[in-house]
1. Going by the conditions given, is residue 90 modelled with pLDDT of 65 or more and assigned to a loop (DSSP other than H, G, I, E, B)?
2. If the Cβ limit is 8 Å and pairs must be 6+ apart or interchain, which residue in region 175-191 that is more than 14 Å from residue 18 (Cβ to Cβ) and of a type in the set (Lys, Arg) pairs with which residue that is modelled with pLDDT of 80 or more and surrounded by 15 or more Cβ atoms within 10 Å (Cβ to Cβ)?
3. Take the conditions in a helix (DSSP H, G or I) and more than 15 Å from residue 47 (Cα to Cα) and apply them to residue 132. Does it pass?
4. Any residue that is surrounded by 14 or more Cβ atoms within 10 Å (Cβ to Cβ), small (Gly, Ala, Ser) and part of a helix (DSSP H, G or I) - is there at least one of those in region 162-185?
5. Pick from 112, 108: which is in contact (Cβ under 8 Å) with a residue 12 or more places away in the chain, surrounded by fewer than 20 Cβ atoms within 10 Å (Cβ to Cβ) and outside any helix (DSSP H, G or I)?
6. Checking residue 15 against (1) farther than 30 Å from residue 170 by Cα; (2) surrounded by fewer than 19 Cβ atoms within 10 Å (Cβ to Cβ); (3) at pLDDT below 90; (4) touching a helix residue (DSSP H, G or I) at 6+ places or on another chain (Cβ under 9 Å), which test does it fail?
Amino acid sequence: MNMTSFIFYCFIVTFTPGPTNIVILTTVHNSGTKKAMDYTYGATIAFGVLLAISAILNTLLVTVIPRILLVMQIIGSVYMLYLAYQVYNMDTSKPSVNETGSFMSGFLTQFLNPKVLLFTMTVIPTYIMPYYVSMAAVTISVVAITIIGFLAFIAWVLFGAIFKGFLQKYKKIVNILMALFLVYAAIMIWI
């Protein structure tokens, strides 16, 4: 197993902007660090669950993957465009009190996040299963990848917390940029 390639793949996919990271940054910006951490905990647990499901069901999904990917691309793209619309239309004149920063929203959105779904469906069969098949090795791999994902989410929370003053000062511009990033992510699924 090429450990360097595996680590780079995990870090690049989890630390680069994607729907979850953008929602975390937006949540810090609009609702504070505590709400963003609630979302992060939910997103992390779902990330680990998805990795475990991928590890367990990998051989069963091989024949179904093309159809699953198409359905998830459609659902994921529509959901990201919906998130972009919500972020763009966010009322920046008053503080928001909503459930976008909750544990449950963090958990559930991972199941519609095409970046996470594609990653979890490819990382285990590509990097782990060809070299390690024991339950212990696969479990350790799932835990390690989940920790990497959690570190990525925390990095986005810290980024939002550090730059909160700047982000607050330019709320509307930041919301427009975050919405555009989500639209870009939705388009990139099809390219």
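The values are calculated or read from the model by the stated rules, or taken from the named source; none is laboratory data. All figures in this text were calculated on a predicted structure; none of them were measured in a lab. Cβ placement follows ideal geometry from the backbone for every residue including glycine, while neighbour counts extend to all protein chains displayed.
1. Numbers: modelled with pLDDT of 65 or more: yes; assigned to a loop (DSSP other than H, G, I, E, B): yes.
It is true that residue 90 is modelled with pLDDT of 65 or more and assigned to a loop (DSSP other than H, G, I, E, B).
2. Pairs found: none.
3. no
4. yes
5. Numbers: 108 fails: outside any helix (DSSP H, G or I).
Answer to the selection: 112.
6. Going through (1) farther than 30 Å from residue 170 by Cα; (2) surrounded by fewer than 19 Cβ atoms within 10 Å (Cβ to Cβ); (3) at pLDDT below 90; (4) touching a helix residue (DSSP H, G or I) at 6+ places or on another chain (Cβ under 9 Å) one by one, residue 15 breaks only (1).
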